[in-house]
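Working notes, structure below.
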Amino acid sequence: MTYNRSRRLFLGRTLAASAVGATGILTSSGLAMANQAAVEKLYYGPKPGIAKLNANENPFGPSPDAIKAMAEAVSSGGAYYAYPAAVKLLDMLGEYYGLERENIALSAGSSPILSFAAMAATTKGTILGPDLFWDTTSKLPIKSGGPEIKRVPNTADLGIDLDALYDAIDDKVGMVQICNPNNPTGRIVDPVKLKEFCIKASKKTLVLVDEAYNELVDDPVKNSMVPLIKEGHNVIVARTFSKIYGLAGLRVGYMLGSAENIEWINRYGLGGYTINQAGLAAAIASFNDKAFMNFSRDKIAEAKGIIYDAVKANGLTALPSSTNFVFVNLGKTGDANAFRKAMEKENILIRGQYRTYKPWSRVSAGKIEDVKRYAAAMPKALEAMEKMA
């Protein structure tokens, strides 16, 4: 099939008022993050001329089937609450994973349900994770007076040190969180070692595995920890339709776990139905669309190849990536924030510095033409970065 580029439901209680920014509620701080040009004139994607490579989106979606399903859902069901569509998606997910409805929580993207898990976990203790991982939702309890994240150094090659993580678990840890493949590094943990870790660590505390990028790896089933839930281990897994399915703007995600864990985490959710009819329709249509997923994987691989070639041509290195982004080492004198600013002057958006990792810059595998612009602009941006340093 040939594709032409076109174009988080949850039941529970309210989060603390100081934390609503990460629950899907649009706040003034959220608005401040919006591109001002996009506010002045309505653009549903990046403004024309902008190469958007900063958010790990799949710009080749939604799929044609998803667009068709959304049109039907909005025209015939936009006036109604979307509970039936939510139940349909729950049943599809349950059948695929071999779980019951009570083992699954839907949300507007995976961020809300990850936030709810963080709020629940910190009632029991701190969150433990590697030094580098997607920690935005894990930081949420801190705004409400919760504990700081307990971090374990990454390995020399920026991998996750499972042994060190396990040794750091004590009775003050309420949850261990791992993002696999990891963001921002793009690295994946050996599935056998990760499974062994999850089994023994879950005997001590709750283990959360964020699998947002799972569908992008070579063997998604082999690398998923979902089977541990069926085996009765104290493990929860978060997934999203925002990445491979190209539905980041439609906000559909979910969490899998024991009925007890899902019910416990639900207590920290939003009241009522936060259901998006269009997003659910797109998710239902996309879930089994293997042709579109393969198409997206091919495009992402092509884009990453361009990035790696540019990195090598400019005398730099980058980590191997099992995701739709690349973590580039700008060298000993590199400055990810200066490099980001230099790229922005070329209308190319990438990420800046993560924590103390000043030389490391993350770029997403976006549209091919945008990635080519990134590659072409790299020499000039590197020169400008050095002048800013």
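The values are calculated or read from the model by the stated rules, or taken from the named source; none is laboratory data. This structure is a prediction, so every number in the text was calculated from the model and none was measured. Here Cβ is always computed from backbone atoms with ideal geometry, including for glycine, and neighbour counts include all displayed protein chains.
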Next on the checklist: Can you tell me how many residues within segment 249-301 are over 20 Å from the mean Cα position of the chain (by Cα), closer than 21 Å to L216 by Cα and aliphatic (A, V, I, L, M)?
Outcome noted: 2
Checklist outcome for this item: Going through segment 155-184 in order, the residues found to be assigned to a loop (DSSP other than H, G, I, E, B) and aliphatic (A, V, I, L, M) are A156, L158, I160, A168, I169
Checklist outcome for this item: Screening R151, R187 for residues that are assigned to a loop (DSSP other than H, G, I, E, B), under 22 Å from S361 (Cβ atoms) and of a type in the set (D, E, K, R) leaves only R187
Checklist entry - Can you tell me which residues in segment 143-167 are more than 17 Å from A118 (Cβ to Cβ) and either at pLDDT below 95 or exposed (fewer than 13 other Cβ atoms within 10 Å of the Cβ) (or both)? => result P153, A156, D157, D163, D167
Checklist outcome for this item: Of (1) closer than 30 Å to Q277 by Cβ; (2) assigned to a helix (DSSP H, G or I), I142 fails just (1)
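Results for (1) modelled with pLDDT under 95; (2) of a type outside the set (A, V, I, L, M), shown as yes or no for each residue.
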| position | (1), (2) |
| --- | --- |
| K332 | yes, yes |
| K341 | no, yes |
| L349 | no, no |
| Y357 | no, yes |
| K380 | no, yes |
Item to check | Conditions (1) surrounded by fewer than 18 Cβ atoms within 10 Å (Cβ to Cβ); (2) modelled with pLDDT of 95 or more; (3) of a type in the set (S, T, Y): number failed by S63 | outcome: (1)
Checklist entry - Counting just the residues of segment 190-216 that are assigned to a loop (DSSP other than H, G, I, E, B) and out of contact with any Asp or Glu (no Cβ under 9 Å at 6 or more places or on another chain), which one comes out farthest from N58 (Cα to Cα)? => result K203
Checklist entry - How do the helices (runs of 4 or more DSSP H) wholly within segment 217-317 filter down when requiring 3 or more residues that are within 30 Å of G334 (Cβ to Cβ): which remain? => result 290-313
